[in-house]
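Laboratory data are not the source of any read-out in this text; all were calculated from the coordinates shown. Keep in mind it's a predicted model, so treat the numbers as computed, not measured. Neighbour counts are summed over all protein chains in view; Cβ atoms, including those assigned to glycine, are modelled from backbone coordinates with ideal geometry.
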Amino acid sequence: MGNRKQILTPEFVGGLNLIEVEFHDKKEVINAWKNLFRYFCEISGQTELTEQRHQRVAEEMESFTAILLGTIATSLNVKIDNLDIYKGDYSPILWGEIDSEQTNLRRFFLEVLNGNRAFPVNITNFPGNSNEVDTEKK
């Protein structure tokens, strides 16, 4: 619940992986978990998403996650409004920006390493500068 907006964290993934064991006797929870898992498997092969499709995928993942968490809350007799599950949680905007920057950096360097992009180089102080040559002669 505490990581519901941060689906790439080890805590979120670890929590999902424990559901099958912790709630093995709760059919509704297992069904909701399987639906989320199926959706993750379905979208995992989609590497190039348009901005519009990316937004839709994010909304669908939030929805499946909220349904799962609501089902878990009900099974544990925890009273929480579905809207609080879906729209609740605090996640600093900067975390999203940092994640986006790191993703862009990884992609850039992978493109360079794979030979699909050149690494830009800018020389600002060329050693042939007359001041440096005079200094080297002395």
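Here are a few things to note about the model shown:
- Protection proxy ranking, peptides 59-72, 112-125, 13-26, average beta carbon neighbours within 10 Å, highest first: 59-72, 13-26, 112-125
- Packing-based order for 30-37, 103-110, using average beta carbon neighbours within 10 Å, highest first: 30-37, 103-110
- Note that segment 15-20 has calculated 3J(HN,Hα) couplings of x, 4, 5, 8, 4, 4 Hz, one per residue in order, obtained from phi through the Karplus relation 6.51 cos²θ - 1.76 cosθ + 1.60 (θ = phi - 60°); glycine and proline are x.
- Annotation: extensible slack from Leu18 through Asn125 equals 32.8 nm (criterion: 0.36 nm per residue apart, minus Cα-Cα distance).
- Linear extension gain, Ser75 paired with Ser63, 0.36 nm per residue minus alpha-carbon span: 2.5 nm
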